[in-house]
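Bear in mind these aren't lab numbers, they're just calculated from the coordinates by the rules spelled out. Values in this document were obtained by computation on a predicted structure and should not be read as measured data. Cβ: placed from backbone, ideal geometry, glycine included. Neighbour counts: every protein chain shown.
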Amino acid sequence: MPLPAPTLRAESLAFRHGDVTAQTRAVPEEVAVALSYDQVGYAVMMATPCDLIDFAIGFSLSEGIVDQAADILRCEIVTVELGVECRMRLAHDVSTRLAQRRRHLAGALGCGLCGLESLAQANRAIPQVASSLRVSASSLMRAMHAMSARQMLNRATHGVHAAGFFDPASGDVLVREDVGRHNALDKITGALARKNQGAEVPGGDRPGSSGVVLLTSRVSIELIQKAAMLGAPVVAAVSVPTAYAIRAADRAGITLAAVARDDGFEVFTHQSRIAFGDLANVA
């Protein structure tokens, strides 16, 4: 079966300015996406059914299941009755490590296992990000505008998030969209890993070390964790960060810029990576 389309025309009854009108509207699709490794299920996420190979690889990297895209020997996307399956086959040593991790989590912890695992994930150690990258304020604002122009699904539906990756060296902005903000960032992680597979990555050994993660959402702790796993030294977002995200970004060495608007943005941590130049008027 083919994948579902990422958008659907839905009928609605619109009440605007006192008038009632029958209409149709493009809405984003959302399906259950099951991720499995070596024929064993791992997680089910609700996601937009596009760029799912990027999603599967990015999720695997963000969650620390694999260290590099090459650890995934095969990724097959299969449409089934209840959703979509991302079936991955891992290199032998990675598969063995994952099996040991599963056995560790399946210990005699009773019904508290889920809660304990969730707390452990929420507070897991975040990799340190070390980078000499500096980005001009003007180029960062241009990158945010470029991401907005590339949000085709959101232009059609006004209902999906986007994550982007801005490479200051080339000026390129890569964009992925999803109903879930975490999924969008996983898709960017996977897209970068696939793009850089087998190539030397300037500035470090992680695919995000040479650029900036762009987000259309608020910045929560999970997004900082994923950005750190990607190795991104700068994160820029349209909305506000949580206090926890600010503390985590500061500890991880990530420059966190947020509340990005047409007139500028705010920098909460490691401000030295942003070159304000002629744009700055010190108040």
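Each listed q (0.13, 0.14, 0.15 Å⁻¹) maps to a log10 I(q)/I(0) for the chain, found by the Debye formula over equal Cα scatterers with no solvent: -0.93, -1.05, -1.17. Ellipticity at 222 nm from helices only: DSSP H runs of n ≥ 4 in the chain, each -39500 (n - 2.57), divided by the residue count, give -9500 deg cm²/dmol.
Per 0.36 nm of contour for each residue apart, how much would the distance between Glu11 and Arg194 grow if the chain were fully extended, relative to their Cα-Cα spacing? Write down the numbers at each step before the final one.
Details: separation 183, 0.36 × 183 = 65.88 nm, distance 3.83 nm.
Net length gain for the segment: 62.0 nm.
Within the shell of other residues whose beta carbon sits under 11 angstrom from the beta carbon of Val234, the net charge comes to +2, with Lys and Arg scored +1 and Asp and Glu -1.
Count Lys and Arg as plus one, Asp and Glu as minus one, and take only other residues whose Cβ is under 13 Å from that of Glu76; the net charge is then +1.
Roughly how many Å is it from the Cα centre of the range 210-283 to that of the range 30-46, as a whole number? Centre-to-centre (Cα) distance: 31 Å. Once the range 135-279 is represented by equal point scatterers at the alpha-carbon sites, with solvent omitted, what log10 I(q)/I(0) does the Debye formula produce at q = 0.16 Å⁻¹? Cα-only, vacuum Debye calculation for the range 135-279: -0.77. Springs join every pair of Cα atoms under 10 Å in this Gaussian network model of the chain, and among Asp54, Asp250, Asp262 the largest mean-square fluctuation is at Asp262.
If you take all other residues with their beta carbon under 15 Å from the beta carbon of Val173, and give Lys and Arg +1 and Asp and Glu -1, the sum is +2.
Please work out the FRET efficiency for the pair Arg124 and Asp19, using the Cβ-Cβ distance as r and a Förster radius of 45 Å; give the result to the nearest 0.05. Efficiency for this residue pair is about 0.30.
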